[in-house]
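Data block below; observations after.
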Amino acid sequence: MADTLFEFPCEFPLKVMGRRSDDFRSIVLGIVQKHAGTIAADKIEERPSKDGTYLSLTCTFQAQSREQLDALYRELTACEKVLVVL
């Protein structure tokens, strides 16, 4: 039995939320692209919260392995600017 629900490689939508700031987007994209490579602009969705306090970024990329995703999640959750990773 496989230990993952995904078959790799696969399209993977990663949602990252944090407080809206001048550098939130660039920090998150820097971390994601370090692990996933360059992500096309049309694969990045940005959505501010209703009051503009928070920002969510959804980056869809070609995930290669469970290890890749684990490393990406570890680095994102360690970042003080990131509140939630889904």
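The values are calculated or read from the model by the stated rules, or taken from the named source; none is laboratory data. Everything numeric in this text was worked out from a predicted model, so none of it was measured. Methodologically, a virtual Cβ is constructed for each residue, glycine included, from the backbone with ideal geometry; neighbour enumeration extends over all protein chains shown. Accessible surface is based on the protein model in full, side chains and every heavy atom, while ligands, DNA and RNA are left aside. Shrake-Rupley method; radii C 1.70, N 1.55, O 1.52, S 1.80 Å.
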Leaving out ligands, DNA and RNA, what percent of the accessible area of the chain is carbon and sulfur, probe 1.4 Å? 52 percent
Within 10 Å, count the other beta carbons around each residue, average over each peptide in 46-56, 11-21, and list them highest first. 11-21, 46-56
Name the residue farthest towards the positive end of the dipole of the chain from the options G18, Q62, A36, assuming +1 on Cβ of Lys and Arg, -1 on Cβ of Asp and Glu, about the Cα centre. G18
Put a dot 7 Å past each Cα toward the Cβ at A71 and E46; how far apart are the dots in nm? 2.7 nm
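Apply the Kirkwood formula to the chain: the hydrodynamic radius equals the inverse of the mean of 1/r over all pairs of different alpha-carbon atoms; give it in Å with one decimal. Spell out each step's value before the answer.
Details: mean 1/r = 0.0750 Å⁻¹.
Kirkwood hydrodynamic radius for the chain: 13.3 Å.
For every other residue with a beta carbon closer than 15 angstrom to the beta carbon of P9, add +1 if it is Lys or Arg and -1 if Asp or Glu, then tell me the sum. Before the final figure, lay out the partial values.
Numbers: positive: K43, R66; negative: E7, E11, E67.
Net charge around P9: -1.
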May I ask for the angle, rounded to the nearest 10°, between helix 24-36 and the longest principal axis of the chain, with both axes built from Cα atoms and the value confined to 0 to 90°? 10 degrees
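Sorted by average packing, counted as other Cβ atoms within 10 angstrom per residue and highest first, what order do 37-44, 26-33, 73-80 take?
Going by the mean number of other Cβ atoms within 10 Å, highest first, we get 26-33, 73-80, 37-44.
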